Structures are given as C-alpha cells and as structure tokens.
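To start, the structure itself, in structure tokens.
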Amino acid sequence: MWKGWYKSLNTAATPHSGGPFDEGRDSLLKFSAIKALQSPTHQVVSFAATVEQILAIASIDRVKRDDRGALHGFQRPQVSKHIREIRDYLSRPDAVMPNAVVLAFTSGVRVVEGNGAYAEIEVDISSGPPGFVVDGQQRLSALAGLEGSSFQLLVSALVCENQEELRRQFILVNNTSPLPKSLVYELLPSVSGLPFRMTSRARAARIVEMLNYDDRSSLQGQIKQHTNPSGVIGDTSLQKLVMNSLSDGYCREVIELSGGEDRCFLAISEFFQAVQEVFGNAWHGHTPKSSRLVHSAGIISMGFVMEQLCATGAPLAPVFKLGLRKLQGYTAWTLDSGEWSFKTGNRPWNGVQNLHGDIHLLTDHLTRAVRSSELVPS
C-alpha cells in the first residue's frame with residue numbers, strides 16, 4: 001500500500017520522519033499514491049502526508065481583492081474557535097482524522113503512472129507551493145499549530161486545467177458543506193460551466209460585484225462581502241433584489257440586450273443614489289440595527305419600489321427621486337421616525353424583520369404609497 005513518504009530529486013526514497021526539511025535541497029517532492037478512475041479530463045490521486053509536507057506543496061489562498069477590485073483567492077477567513085477545537089482533539093494520542101484534505105493544482109505537478117491504480121505524484125516546490133487547498137484549511141491550520149507533529153492526513157489531489165476550473169471545483173466541493181453562501185456567491189462571477197441554478201445566481205452576483213467595486217456605483221464600498229467586511233449593506237439582500245428583477249422586472253427586460261448586465265447595474269445604482277438623497281438621514285451613518293432602510297427587509301422591499309418606478313420613465317436618479325418623495329411621511333426607517341402604519345396595524349420602527357411575511361407587508365405598504373398620491377400620511 002501507499003506509505004505517504006516523499007523523496008527529493010537526488011536522494012533515495014525513504015519514509016519521512018516528520019521533522020523539518022530543507023526546501024533548498026528538496027525542490028521536488030514525490031508521494032506514492034493511488035489514482036482514481038474518474039473524469040477523462042482530470043487526474044485525481046490520493047496519498048498521505050504530514051501538514052508540513054502539505055503546506056510545502058499547497059497554499060491556503062484566502063479570498064481578497066486587489067486595488068482595482070479584481071477577485072483573487074477563494075478561501076474564507078480562519079475560524080479561530082473551530083481551529084482550537086480541532087487542535088485540542090488532534091493533540092490526543094488516540095486522535096484520528098479520516099476526512100481527506102482536498103488539494104488542486106494547475107501547474108508544478110506530474111502524475112507518473114504505475115501498475116494498475118498505483119501512481120507517483122511529483123511536485124516541484126522550487127518556486128514555492130504550486131497547489132491550493134480546496135477543502136480542509138481549518139484542519140491544516142490546527143495541525144500547523146502542533147509543533148513536531150508526525151500526524152499524517154489523507155490527501156486527495158486534483159489536477160486542473162486552469163484557475164477557473166480550480167474555482168469551479170472549490171464551489172462544487174464546498175456547496176454541500178456549511179460554507180458561507182455569501183462567499184460562494186462572491187466567487188460565482190469568476191466561474192462558468194456551473195449548474196443552471198448557480199449560473200443564474202452568478203449573473204446576479206456579478207451585478208452586485210459591480211455595485212460594490214465599480215467607480216460609477218452609488219453603492220461603491222457600501223456592500224458587506226468577504227472581501228469588504230467593513231460594508232454595511234448585506235450582499236445577499238442585494239442579490240435577492242437583483243434576482244427578483246431578473247425574474248420579473250426591469251433587469252429581465254434588458255438583460256439579454258447589448259450590455260444587459262451594465263444596464264441593470266446602472267439602473268440599480270441610479271435608484272440607490274436617489275434613495276440616499278431622499279432618505280439620507282436614514283441611510284448615512286446607519287447600520288441594519290439602527291435603520292430598516294439599510295436592513296435586508298428594507299433593501300429587498302425597496303427593490304419592488306424601484307421596479308414600480310422603472311415602469312414610469314427612464315431609470316435615472318431624478319426620475320426615481322420624484323417617485324421616492326411620495327414615500328416621505330409613510331416610512332419609519334429609524335427610531336426618530338415613529339411607527340409603521342400598516343393595514344394590519346401599527347408596528348415599531350424595528351418591528352420589521354428579514355422574514356417573508358414582513359418583507360411582503362413592507363413591500364405592499366411602500367408600493368401602495370408610490371401608486372397613490374391621495375394617501376394621507378399617518
């Protein structure tokens with residue numbers, strides 16, 4: 001059976017003792033492996049390795065954006081409590097970890113065929129780790145904190161054609177585990193060839209990405225994402241707004257036209273520019289805890305107001321402002337603005353939650369106010 005050992009380019013194969021190794025000398029690491037017969041366009045192998053060896057051949061590429069807003073990496077931030085719990089367990093002499101760490105490579109690796117299912121994987125680390133951790137970063141981080149540990153993990157390695165394929169596999173591998181949906185959604189715009197339900201979500205995610213990072217956006221830097229944790233507006237609420245519009249609204253009408261995504265982006269940006277001008281006191285300096293306007297319920301409900309106003313004219317901020325002024329006197333976004341006067345009765349300003357029933361109630365209240373100028377403010 002495979003033993004999880006490695007050897008350098010110029011030395012005989014010997015079992016690894018678990019101690020530190022000289023990267024300058026060991027520029028090529030080799031592992032005895034078993035090759036799985038799966039996709040004809042991919043190579044999948046399994047072997048055993050210590051955390052030191054794994055981190056020598058693969059890095060944990062955390063999701064981030066550069067100065068121009070381009071997305072890099074894909075891994076979520078570390079979860080310190082989860083890592084401590086794993087580390088406490090692995091420090092026990094009877095600890096076992098049967099779950100495999102999943103790695104992916106786009107270069108720097110070669111699979112040498114052996115007899116039957118047996119193979120050898122060669123990894124060139126002369127320029128640093130060429131692989132990426134797709135699943136198992138918390139386990140690796142926990143083991144890395146146990147100095148001198150010879151504990152071996154099972155490793156499944158996938159050789160991908162390019163970075164897009166690597167990200168696709170990351171999304172598909174993690175989609176059934178408790179990975180934050182907002183991280184998956186943020187990665188979707190950079191990946192193609194996904195199931196239809198993810199492809200439609202990817203289009204909405206791409207528009208939200210533009211709203212957060214495009215210099216033309218009235219929401220630039222205000223949307224909370226894994227790469228922008230200081231944002232205030234929930235990215236999933238804006239995704240819902242876009243998905244609603246793509247399903248049965250303005251975006252559905254223009255999305256297949258030339259520059260469709262840009263048209264959607266500009267309309268939503270213009271709308272929220274008007275929102276920030278008309279309801280500035282409930283927007284600027286507020287969080288979802290202090291204003292229901294920047295709360296998920298408010299954002300989603302205001303999306304339906306946007307759709308109503310799009311039907312009355314060009315989707316431009318001045319047109320939106322005229323319609324939004326009809327809402328003045330009918331809203332209770334903050335503590336200082338009184339109560340909501342719904343048909344079903346009054347509610348305190350913060351009595352609207354991110355629940356389907358509450359969002360429906362708020363949407364009905366706001367859209368009725370826009371439709372009729374004869375309503376009398378409460």
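Taken together, the values in this text are just the output of simple stated rules run on the coordinates, not laboratory data. The structure presented is a predicted model; accordingly, all values stated were derived computationally and were not measured. Glycine gets a Cβ as well: all are built from the backbone with ideal geometry, and neighbour counts include every protein chain shown.
Packing order of peptides 45-52, 220-227, highest average first: 45-52, 220-227 (average count of other Cβ atoms within 10 Å over each peptide's residues). A DSSP coil position with no more than 16 other Cβ atoms inside 10 Å describes the following trypsin sites (Lys or Arg not before Pro) in the stretch 264-350: Lys289, Lys343.
Rounded to whole Å, the principal axis extents of the Cα atoms in the stretch 181-371 read 48, 34, 30, largest first. 3J(HN,Hα) along the stretch 35-49, derived from phi through the Karplus expression 6.51 cos²θ - 1.76 cosθ + 1.60 where θ = phi - 60°, amounts to 9, 8, 8, 10, 5, x, 9, 10, 10, 10, 10, 10, 7, 10, 7 Hz, with x in place of Gly and Pro. Neighbours of Val254 by Cβ distance under 15 Å: Lys/Arg scored +1, Asp/Glu scored -1, total -3.
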